[in-house]
Every structure is written in C-alpha cells, then in structure tokens.
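These notes are about the structure you will find just below.
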Amino acid sequence: MRRRFFVQPFAGRSAVLEGDAAHHLGRVLRAQQGQLYELSDGTRVWLGRIETVARDRIDFALVEEIPSYPPAVDVTLLLSVVKFDAFEWAIEKATELGVSTIVPLAAARSEKALLAAASKRHERWKKIATEAAQQSRRLRVPILEPLIRPEQAVRSHRAGACIVLSERADAPPLREVLAGEPARKAALATGPEGGWTDEELGAVTRAGFREASLGKLILRTETAVVAAMASLNYALCA
C-alpha cells in the first residue's frame with residue numbers, strides 16, 4: 001500500500017514536499033526517481049511520481065487524481081491535558097478516528113507542571129497528528145489549537161451535538177444522548193484525571209453541552225476518547 005504525504009496546495013500538475021517529511025522520505029525511506037506516492041494538499045489527493053530528490057526537497061509530477069474521503073462528521077475534541085504519554089496517544093487515536101479539531105484544555109485538575117510545559121510540546125503534538133493522518137490516509141491533518149481554559153473553549157466550539165463526558169451517577173448514557181441526533185458536527189469535551197470540578201461542569205453545561213456517561217466503569221482519558229469518538233462515528237455517520 002502506498003504511503004501518503006501532505007504537501008502545500010497543488011500548483012498545476014506538480015507538487016513539492018519539503019522539510020522533515022522530505023528528509024524522511026528521501027533519506028530514511030530512500031525514495032528514488034519514478035516512485036509513486038499519494039499526495040494530499042488538504043483538498044484533493046493525487047498520485048505523484050517522484051521527479052527529483054534533494055536533501056530536504058522532493059519534486060513530484062502529478063499523475064492522476066484519486067478519490068478522497070473527508071470525515072462524515074466534523075468533530076472538535078476538547079481534550080483536557082493529562083500525562084503526556086496518554087495525551088499524545090489520545091491525539092493519535094482521535095486523528096485516526098477522524099477528529100477535525102483538537103483543543104487542549106487547561107482544566108482545574110490538570111497537573112500544573114504539565115500545563116506549564118504544554119506550549120513546548122505543541123510542535124510535537126502537531127507531528128503526531130500529521131503522522132497519524134498520513135497513516136490513516138486522511139484528506140487533511142486535524143487542526144491543533146493552543147491551550148485554553150474549558151470555560152473559554154466551550155463558548156467558542158458550540159456546534160451540532162455538544163457532549164461533555166461525565167462521571168456523575170445520574171449522567172445519561174452517551175447512546176441515549178445521541179439517539180436520533182441528526183448532527184453532522186459535534187463537540188466532545190473530556191475531563192482530566194480526577195474529573196471536572198463542579199464549577200467547570202456548570203460552565204460547560206450552561207454553554208449548551210449535554211452530560212453523557214460511557215458507563216459505570218471509570219475510564220482513563222485516552223480510553224474515553226477512543227470510546228466516545230467511535231460512538232460518535234457510529235451514531236452520527238448513519
């Protein structure tokens with residue numbers, strides 16, 4: 001199966017891959033003239049044939065356009081910062097499951113040391129999302145927004161089915177919240193280790209988000225992200 005890479009907007013019948021991706025393809029994968037790869041500029045996907053290989057630049061001739069499949073549901077994931085290995089795993093899997101936008105949240109119970117280091121990890125997180133998007137053959141890489149407080153994030157991302165995952169005993173199951181939901185856009189908010197504070201949950205629900213439970217068991221953040229994303233895809237893509 002051919003690898004996919006993301007390039008700048010196509011110019012006529014040619015495309016250019018530069019930077020780290022070009023270095024990886026040229027030096028690590030030992031790309032050669034004449035080889036074929038899938039190229040996406042975020043709008044269309046073409047089959048590209050390598051014309052020239054330089055140190056940090058590879059030039060392609062576009063051979064033919066191939067089908068592209070944008071996500072059926074436009075999902076924004078409001079993801080509270082947790083330990084970075086789990087947070088990065090959640091970014092990777094959410095990307096594979098079709099998330100459109102990822103918004104890191106500085107929740108009240110997120111560790112302060114993690115929040116302080118988050119800005120330095122932003123480029124790494126973008127790289128993780130890019131590699132996951134290439135691996136899963138997405139049309140485009142999800143947008144990764146800067147760190148923000150939950151109360152601000154929910155005001156900016158209210159569209160379609162707005163869900164906040166909750167551990168409260170009286171929270172309705174996610175399947176009930178999504179039953180009959182016709183939305184083609186969704187926003188999903190997940191809390192940190194230790195859960196939301198009452199103040200945060202109140203602010204999120206006042207912004208129009210509906211509480212939903214994934215069951216009686218307490219899931220890690222990264223597990224909850226995968227379960228909820230898969231549920232959204234199942235419920236809203238029908």
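The values are calculated or read from the model by the stated rules, or taken from the named source; none is laboratory data. If you're wondering where the values come from, they're calculated on a predicted model, not measured in any experiment. Don't worry about glycine lacking a Cβ; one is built from the backbone with ideal geometry, like all the others, and counts go over all protein chains shown.
Mind listing whichever residues of the range 52-106 are charged (D, E, K, R) and more than 23 Å from ARG184 (Cα to Cα)?
Answer for the range 52-106, where residues must be charged (D, E, K, R) and more than 23 Å from ARG184 (Cα to Cα): ARG55, ASP56, ARG57, ASP59, GLU64, GLU65, LYS83, ASP85, GLU88.
Screening ARG109 against (1) under 20 Å from ALA207 (Cβ atoms); (2) modelled with pLDDT under 95; (3) assigned to a loop (DSSP other than H, G, I, E, B) leaves a single unmet condition, (2). Taken over the range 18-57, the residue count meeting the criterion of being part of a strand (DSSP E or B), touching a Lys or Arg at 6+ places or on another chain (Cβ under 7 Å) and surrounded by 15 or more Cβ atoms within 10 Å (Cβ to Cβ) is 3.
The single residue among ALA61, ALA21, ALA86, ALA54 that is at pLDDT below 90, of a type in the set (A, V, I, L, M, F, W, C) and out of contact with any Phe, Trp or Tyr (no Cβ under 6 Å at 6 or more places or on another chain) turns out to be ALA54.
Here the condition is being without any contact (Cβ under 8 Å) to a residue 60 or more places away in the chain, of a type in the set (A, V, I, L, M, F, W, C), under 26 Å from ARG124 (Cβ atoms) and in contact with a strand residue (DSSP E or B) (Cβ under 8 Å, 6 or more places away or on another chain); of ALA94, ALA106, it holds for ALA106 alone. Counting just the residues of the range 150-170 that are of a type in the set (D, E, K, R) and modelled with pLDDT of 90 or more, which one comes out surrounded by the fewest Cβ atoms within 10 Å (Cβ to Cβ)? Ranking the candidates gives ARG155 first.
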